[in-house]
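S.K.: There's a structure below that I have some questions on.
Please treat every number below as a calculation from the coordinates, not as lab data. Since the model is a prediction, treat every value here as computed from it, not as a measurement. Cβ: placed from backbone, ideal geometry, glycine included. Neighbour counts: every protein chain shown.
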Amino acid sequence: MEFNWDEFKDKSNGIAVNCRTQEEANDFCKQMNEHGLKWCDGKSYLYDNYWKIYKENTCYINQGQHCYNGGGEYTVLDELYTILNWSDYSSYNNTTIKIKYFAHDIEKVKVTENGDWIDLRSAIDIKLEKGEFRLIPLGVGMKLPVGYEAHMVPRSSTYKNFGIIQSNHCGIIDNSYCGDNDEWKYPAIALRDTEILKGDRICQFRIVKKQPNITFEEVEHLENNDRGGFGSTGKR
């Protein structure tokens with residue numbers, strides 16, 4: 001969907017933009033600058049300490065007006081403005097992943113219409129005996145967006161169809177695993193004799209934001225009530 005910047009420039013329209021996250025707001029402000037739009041004071045007033053003040057991580061923005069009363073609260077009200085969600089327009093939500101195919105005779109990777117996870121296929125025909133472990137090549141390598149990693153797990157039908165489980169249960173693919181020879185592989189353990197054909201869908205992945213930088217503060221007491229150990233809440 002294309003954002004109507006001409007309509008947004010007309011202050012009489014009473015249009016406000018809903019940015020749900022800091023990243024969306026940053027993207028919105030970047031787009032404003034590219035379209036020659038400025039705030040009243042010529043700069044953005046979106047600071048972290050104001051971010052969570054209005055409507056649970058929501059910030060309403062209107063071109064040419066601060067929407068800020070000087071006391072630390074945004075004053076834009078739903079009934080006074082037409083609210084547009086920047087997530088409906090933002091290129092921030094349309095992420096591009098560079099992908100290299102090591103096997104060109106399998107179906108291309110594609111996003112499923114109903115679901116967030118993306119299927120991956122075996123790049124080879126392979127037979128496994130019960131108890132055997134193999135790294136099954138998936139025929140692809142990817143350059144993930146900066147700040148993201150990929151999580152790879154079996155499909156819900158993988159064990160039913162092929163009798164294999166994933167040895168590490170959830171595979172983590174770092175952003176740095178992106179060289180020309182860094183092919184993704186599926187670590188499989190066969191629980192019965194089985195055969196997998198080239199092109200069979202055996203696992204799925206999604207990209208996830210990496211955790212923020214963390215520091216550890218050592219303390220003598222955590223100052224919380226004890227849960228009571230593993231299984232303390234019972235079976236039912």
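S.K.: Checking the table LYS98/LYS209; LYS108/LYS130; LYS108/LYS210; LYS108/LYS143; LYS110/LYS198; LYS100/LYS198 against a 23 Å threshold on Cα-Cα, which pairs fail?
M.R.: LYS108/LYS130; LYS108/LYS210, as the Cα separations exceed 23 Å there.
S.K.: If R₀ is 22 angstrom, what is the calculated FRET efficiency for the pair LYS127 and ILE189, using the beta carbon separation as r and rounding to 0.05?
M.R.: Efficiency, rounded to the nearest 0.05: 0.95.
S.K.: Tell me which GluC sites (Glu not before Pro) from the stretch 154-236 have a DSSP coil assignment and no more than 15 other beta carbons within 10 Å of their own.
M.R.: Qualifying residues, ordered by number: GLU217, GLU218, GLU220, GLU223.
S.K.: Further, regarding this structure: With a sphere of radius 13 Å drawn around the Cβ of GLU149, what net charge do the other residues whose Cβ falls strictly inside it have (Lys, Arg +1; Asp, Glu -1)?
M.R.: It works out to a net charge of +3.
S.K.: Let me ask something additional. To the nearest 0.05, how large is the calculated FRET efficiency for HIS151 and GLU113 if R₀ is 22 Å and r is the Cβ-Cβ distance?
M.R.: Using R0 = 22 Å, I get an efficiency of 0.60.
S.K.: Sum up the charges of everything whose Cβ sits under 10 Å from the Cβ of GLU195, counting Lys and Arg as +1 and Asp and Glu as -1, but leave GLU195 out.
M.R.: -2
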